[in-house]
Amino acid sequence: MALKKVNAVIVGAGAGGGVVAKELATLGLTVVLLERGKWYSAADCRKDDLFNQRTQVLGAKFGPDDERNPRVAVDEQGRESIVYPTDGGYSNNAACVGGGTFSYGAMAWRFMERDFRMRSTYGPVEGSTLEDWPIGYADLEQFYEKVEWEMGVSGDDSGNPFKAPRRKALPMPPLAPSREHQILLPAARRLGLHPFDIPMLRNTVPYNGRRSCMRCRWCVGFACEVNARTGTHNTVIPAAVATGNCELRTDCMTREILLDSQARATGVAYYDARERLQEQPADLVIVCGGAVESARLLLNTKHRLFPAGLGNRYDQVGRNLQSHSYSGANGLFERETYDDLGPGASIAICDYNHGNPGLTGGAMLANEFIRLPYQFMAQVPPWVARWGQEHKEFVRSAYRRTIVVMGPVQEMPLADARVQVDPKVKDRWGIPVARLSGGRHPHTIEIGRYIAGKAEAWLKEAGAVQTWKRVPGRSLSGGQHQAGTCRMGTDPKSSVVNANCQLHDVDNVYVIDAGVHVTNGGFNPVLTILANAYRASEQLLKAWKGTKVMA
Amino acid sequence: MGTGMRRRTLLEIGVSAVTASAISCARGGAASPWRFLTMAQGQTLEAVCAQLIPEDQDPGAKDAGVVNYIDLQLSTRFKRYRPVYRQGIAGIDEASRTQFGRVFAALTSEQQLIILNTTEEKDRAFFDLLLNHTRQGFYGDPRHGGNRGMVSWRMVGLPFPPVRGRQHYETQAG
């Protein structure tokens, strides 16, 4: 049974989909926004330290649920296993209105100019598909600014000499410095580094009708109890719905994109909240499911002209899956460092994002988010006994005396780090599930070791009496910062979408999420996803002629 | 009094519900205080957890109700770990009997440590699972059946209840 036709159906109400819905609906296009998860609110902050999006031992609070959403993971030895959202190796990102932005830490970074030109800056990296983006920082600058002012970003990067040029300062000041901030700031300066206040999608003063952060300890992973943290769920999505042109449908799982005989999209087929199959006709299909699920949807859309999946003529869909290889160090101090003030993360340096001798890129370094006691288990150093009296004594004496400095190391993309659809395993709705395989490039790990050493040096200068590094292993990288699977580019043989985020082969299907990122910067990617969604929406609307986009 | 009547009725319903579920599931057995674990399994597990997080000047896993946390989760979210627990606990008691002639809970502390060190080496998967669950039950939220009286949060000096809505601008230098 077909529903009433609309101009655009958007699959996924996360960072990208939320922005696109608002931009299109505001200009008068009729929009249906499909989300497989639910619409949570500030009231859903249960402050449950074992059942949230960060610590999932009793479940992923904001989805997806284990019961209906398996995937297949293949390790580097080729062993495959069925994995669930709460397992490592699943590459989970939240499934709810707002997507990851509902429960994230909310760092709001602009990428640097060189992050869009990694290949021309550093040259090829053996074994990696490292490439330049088809767009540059200058193409995104005005849209970064638009996110910062429309959605609201706080912080102060005026002390960061490495940042790309910006026309306007951030609209809100940073939070007052925490104790960790006060310890790390003079140490960074003594080392000749350039510390500054992290930009965050977080109200520090009342903004856009929402109040400011109250600095509680239930931050990343939780719903913000006072609605001070900013995501698409409390900004652009309500704005889209308020236009009267956008209908948000939750608990709706999209099965495939519907195509006519020439493989142009006519809409999507999805299972509604009561698991009935529905067909939503539309002039445009905009895929915003995140790097894993967007690739899966394209691959599950088969056609005579696209037997291996929509837009996959050259076997590019699902490749180059990447994220960030978090690297850094823990430091144990003699004095107390814990002040019970959220969000915790507040001070950063960009001294090691680029220009590291012999290395292709690097990472921003920042202090970590506030940690609850169970999370502290991961910070016990390797030389302390894993259990018994010694372990307990360490936790008791060290909980309030540690600082963690970490950075999201930019990864070297790999063609074999990929999303496919599994030939056998299906989800609750009978849809073939994502099959994840591959690993990390050795140079990524090399950069991680270097960055961890820099974090350690900063902590030592700050007075840490003991330090220990954290460097990732070789296993596949994904998770909340997942990116790269629907690469943006000019050559259809080595990319999936063009610079406007339109499939090379099908002009009325778009992918607008981190899947299009060619590389993922040495930063949390959300501001870039949001800015690119504003940019792609503007390109789309410029070409919009009533029922279709004109080339 | 009306309220007294209501309370008594609720209490009776509560008791009969517990009895009914114990009979219908028959997991822990009629004599067991646990939902899933048998009396004997519960005793072994309590002794193991008490070694993983021992009592000192602060309560340890036993008084924090860690086994209650594990038993509750094995009845709900951790159902898939039931066979692992059955086998793992049986393995610990068997090793104890073979080596020292008694079940684990009846051994001296030194003997228990010997058994646990061997288990950590020989049955690493179960040991790590149990260690993680023990930490969750001790350091996690009391609503899930462990960390009774917020003992671990008091131990690490986590202010509770937290001060709400504060801004702490007084921490700003100058």
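Under a point spin-label approximation (7 Å from Cα along Cα-to-Cβ), what is the B:Glu94-A:Glu67 distance to one decimal in nm?
Between B:Glu94 and A:Glu67, the simple spin-label model gives 3.5 nm.
Write out the GluC sites (Glu not before Pro) in the range A:63-170 meeting two conditions: DSSP loop, and at most 11 other Cβ atoms within 10 Å of their Cβ. Present the calculation step by step, with values, prior to reporting the outcome.
Numbers: sites: A:Glu67, A:Glu76, A:Glu80, A:Glu113, A:Glu126, A:Glu131, A:Glu141, A:Glu145, A:Glu148, A:Glu150; in loops: A:Glu67, A:Glu76, A:Glu126, A:Glu131.
Here the sparse-neighbourhood loop sites are A:Glu67, A:Glu126.
Quick one: grab the alpha carbon gyration tensor of the range B:33-157, order the square roots of its eigenvalues as a ≥ b ≥ c, and give me rounded if a/c is under 1.5, else prolate or oblate depending on whether a/b is larger than b/c. Display every interim value, and only then the final one.
Numbers: a/c = 1.85, a/b = 1.31, b/c = 1.41.
Cα axes put the range B:33-157 in the oblate bin.
Over the range A:436-551, consider all pairs of different Cα atoms and compute the Kirkwood hydrodynamic radius from their mean reciprocal separation; express it in Å, one decimal. List each step's numbers first, then the result.
Numbers: mean 1/r = 0.0588 Å⁻¹.
When all Cα pairs of the range A:436-551 are included, the Kirkwood radius is 17.0 Å.
Report the charge-dipole magnitude of the range A:424-551 in Debye, nearest 20, computed about the Cα centre from +1 at each Lys and Arg Cβ and -1 at each Asp and Glu Cβ. Please report the intermediate quantities before stating the final value.
Numbers: 17 positive and 9 negative charges, 75 e Å.
In debye, rounded to 20, the range A:424-551 gives about 360.
Separation between the A:Tyr314 and B:Ala40 pseudo-spin-labels, each 7 Å from Cα along Cα→Cβ, expressed in nm?
Spacing of the two 7 Å Cα→Cβ label points: 6.7 nm.
At a Cα cut-off below 16 Å, give the lysines reachable from A:Lys146, other chains included and same-chain residues fewer than 8 away excluded.
A:Lys22, A:Lys168
When the dipole is taken about the Cα centre of the range A:6-549, and only Lys, Arg (+1) and Asp, Glu (-1) are charged at their Cβ, what size is it in debye, to the nearest 20? Walk me through the numbers on the way to the answer.
Details: 63 positive and 57 negative charges, 76 e Å.
Result for the range A:6-549 is approximately 360 debye, rounded to the nearest 20.
May I ask you to list the trypsin sites (Lys or Arg not before Pro) in the range A:2-47 that are in a DSSP loop and have at most 12 other Cβ atoms within 10 Å of their Cβ?
Working: sites: A:Lys4, A:Lys5, A:Lys22, A:Arg36, A:Lys38, A:Arg46, A:Lys47; in loops: A:Lys4, A:Lys5, A:Arg36, A:Arg46, A:Lys47.
Here the sparse-neighbourhood loop sites are A:Lys4.
Quick one: which of A:Lys392/B:Lys79; A:Lys38/A:Lys61; B:Lys62/B:Lys122; A:Lys5/A:Lys545 span more than 18 angstrom between C-alpha atoms? Display every interim value, and only then the final one.
Working: A:Lys392/B:Lys79 28 Å; A:Lys38/A:Lys61 11 Å; B:Lys62/B:Lys122 25 Å; A:Lys5/A:Lys545 16 Å.
From A:Lys392/B:Lys79; A:Lys38/A:Lys61; B:Lys62/B:Lys122; A:Lys5/A:Lys545, over 18 Å: A:Lys392/B:Lys79; B:Lys62/B:Lys122.
Among A:Leu184, A:Cys216, A:Gln142, whose Cα lies farthest out toward the positive end of the dipole of chain A, if unit charges sit on the beta carbon of Lys, Arg (+1) and Asp, Glu (-1)?
Towards the positive end, the residue furthest out is A:Cys216.
Which of the lysines could a cross-linker bridge to A:Lys493, judged by Cα under 25 Å and excluding same-chain residues fewer than eight apart?
A:Lys302
Quantify how strongly other chains surround peptide A:373-384 by giving the mean number of their Cβ atoms within 10 Å of each of its Cβ atoms. Could you put the intermediate results ahead of the total?
Numbers: counts 12, 10, 1, 3, 6, 0, 0, 0, 0, 0, 0, 0.
So the per-residue partner count for this stretch is 3.
Can you pull the one-decimal nm distance between simple spin-label points at A:Lys542 and B:Gln57, each 7 Å off the Cα toward Cβ?
Label-label distance for A:Lys542 and B:Gln57, simple model: 6.9 nm.
Can you give the Rg and Dmax of the range A:470-526 based on its C-alpha atoms, in angstrom?
My reading of the Cα-based Rg and Dmax gives 13.1, 45 Å.
Would you mind getting me the FRET efficiency between A:Ser81 and B:Gln87? Use the beta-carbon distance for r and R0 = 22 Å, nearest 0.05. Please report the intermediate quantities before stating the final value.
Details: r = 20 Å, r/R0 = 0.92.
FRET efficiency, A:Ser81 to B:Gln87: 0.60.
Counting other beta carbons within 10 Å of each residue's own, what order do A:Ser475, A:Ser154, A:Ser537, A:Ser261 fall into, fewest first? Please list the in-between numbers first.
On the way: A:Ser475 14, A:Ser154 27, A:Ser537 24, A:Ser261 8.
The order, fewest Cβ neighbours first, is A:Ser261, A:Ser475, A:Ser537, A:Ser154.
Ranked by Cβ crowding within 10 angstrom, fewest neighbours first, how are A:Cys224, A:Cys219 ordered?
Numbers: A:Cys224 27, A:Cys219 23.
Listed from fewest to most nearby Cβ atoms, that is A:Cys219, A:Cys224.
For the range A:6-549, what does the convex hull of the Cα positions come to per residue, in cubic angstrom? Working shown, then result.
Values: hull volume 74.8 nm³, N = 544.
About 138 Å³ per residue, rounded to a whole number.
Can I get the semi-axes of the range A:215-359's equivalent ellipsoid? Compute them from the C-alpha gyration tensor as square roots of 5 times the eigenvalues, in angstrom, largest first. Intermediate values should be presented prior to the final figure.
Details: eigenvalues 335, 127, 35 Å².
After diagonalising the Cα gyration tensor, the semi-axes are 41, 25, 13 Å.
Quick check: the angle from helix A:179-190's long axis to the longest principal axis of chain A, C-alpha only, nearest 10 degrees?
Orientation of helix A:179-190: about 80 degrees from the principal axis.
Would you mind working out the magnitude of the charge dipole of the range A:138-209 relative to its Cα centre, with +1 at each Lys and Arg C-beta and -1 at each Asp and Glu C-beta, to the nearest 20 Debye?
Numbers: 9 positive and 9 negative charges, 54 e Å.
In debye, rounded to 20, the range A:138-209 gives about 260.
Once the Cβ-Cβ distance between A:Lys38 and B:Leu129 is put in as r, and R0 is 41 Å, what FRET efficiency do you end up with, to the nearest 0.05?
Values: r = 30 Å, r/R0 = 0.74.
About 0.85, to the nearest 0.05.
Label point 7 Å out from A:Arg166 along Cα-to-Cβ: which residues of the range A:505-531 have amide N under 17 Å?
In the range A:505-531, the label zone of A:Arg166 (backbone N under 17 Å from the point 7 Å along Cα→Cβ) covers A:522-531.
Between A:Gly515, A:Tyr84, A:His504, whose Cα lies farthest towards the positive end of the dipole of the range A:6-549 when Lys and Arg beta carbons carry +1 and Asp and Glu beta carbons carry -1, centred on the Cα centre?
So the residue we want is A:Tyr84.
Count neighbours as other Cβ atoms within 10 Å of each site's Cβ, and list the trypsin sites (Lys or Arg not before Pro) in the range B:51-142 that are DSSP loop with at most 11 such neighbours.
Answer in residue order: no site qualifies.
How far is helix A:389-398 tilted, in degrees, relative to the longest principal axis of the Cα atoms in chain A, given as a value from 0 to 90 rounded to the nearest 10?
90
I'd like the mean, over residues of B:145-158, of how many other protein chain beta carbons sit within 10 Å of each residue's own Cβ. Display every interim value, and only then the final one.
On the way: counts 0, 1, 4, 0, 0, 1, 0, 6, 4, 0, 5, 9, 6, 7.
For this peptide, the per-residue mean of nearby foreign Cβ atoms is 3.
Each reported figure results from applying straightforward, stated rules to the coordinates on display, with no laboratory input. Quantities reported herein were computed from a predicted structural model and do not represent experimental measurements. Neighbour counts run over all protein chains shown; Cβ positions are idealised from the backbone, glycine included.
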